[in-house]
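Below is one structure; the comments refer to it alone.
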Amino acid sequence: MKKRVAILISGGGSNMEALLRDMEADHPAAPVLVLSNNPAAGGLAKAAARGIATACVDHRPFGQDRAGFEDELNRHLQAAAPDIICLAGFMRILTPEFIHGWAGKMLNIHPSILPLFRGLHTHKRALEAGMAVHGCSVHEVTGELDGGPILGQAVMPVWPQDSAESLAERLLPLEHRLYPAVLRRFAAGDRGKISHFPALGVAG
Ligand code: GRF
């Protein structure tokens, strides 16, 4: 029986697309829902075009009522009954209560070499820190922001001419390789770490 996967997005959903593409092949999991907090998320149309069920819970009407927003998210999730939830460019902070409800079943991709640079603006912070390498991490989601067990990381060089924008652009293809590889293993019950070091070019 394939594992059922729900994917949460807030934007364009390029990581979501990479996961959906990979699950179209022979795979231990299958997508059952793409859920967004943003009615304008471009990823919703991309998922629908692939025949995947979508739903949206706009967080804005809930204001500071995080519990109310999450209760509505859970209404959609409980109907889809996922075995695994993948956060993929999902930009809302989830409460410990919500996370506890899906403990051991939720993954996230974060654009840094965790535990470095938890939180936002990771590319800018990596440049400001003078990093020689940068990368992304897929981890299990726990109550600690970007702090759960690391399941995979991909690393690339930082070039002298890099900006935060160029780092983000060069990192996305690595994210699109790493997240599907980690989900395949996680869905097959393997929580071993994987790493991906595409040819680490030497800066000119
Ligand atoms: C990516 O940098 C990802 O690491 C972060 O959100 C950004 C956009 O992701 N979580 P996507 O294109 O919406 O998948």
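The values are calculated or read from the model by the stated rules, or taken from the named source; none is laboratory data. Nothing here was measured: the structure is a model prediction, and the numbers come from that model. Neighbour counts run over all protein chains shown; Cβ positions are idealised from the backbone, glycine included.
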Discussion item. I need the full set of residues from the stretch 9-33 which are under 21 Å from residue 174 (Cβ atoms) and buried (at least 23 other Cβ atoms within 10 Å of the Cβ), in order please.
Written reply: 9, 13, 15, 16, 19, 20, 23
Worksheet item: more than 16 Å from the ligand (Cβ to nearest atom) and either closer than 20 Å to residue 141 by Cα or in contact with a Phe, Trp or Tyr (Cβ under 8 Å, 6 or more places away or on another chain) (or both) - does that describe any residue in the stretch 7-29?
Response: yes
Discussion item. Please pick out the residue among 178, 145 that is buried (at least 20 other Cβ atoms within 10 Å of the Cβ), under 22 Å from residue 90 (Cα atoms), within 13 Å of the ligand (Cβ to nearest atom) and outside the structural domain of residue 1 (by TED's automatic domain parsing).
Written reply: 178
Worksheet item: In this structure, does residue 33 turn out to be in a strand (DSSP E or B) and under 24 Å from residue 184 (Cα atoms)?
Response: yes
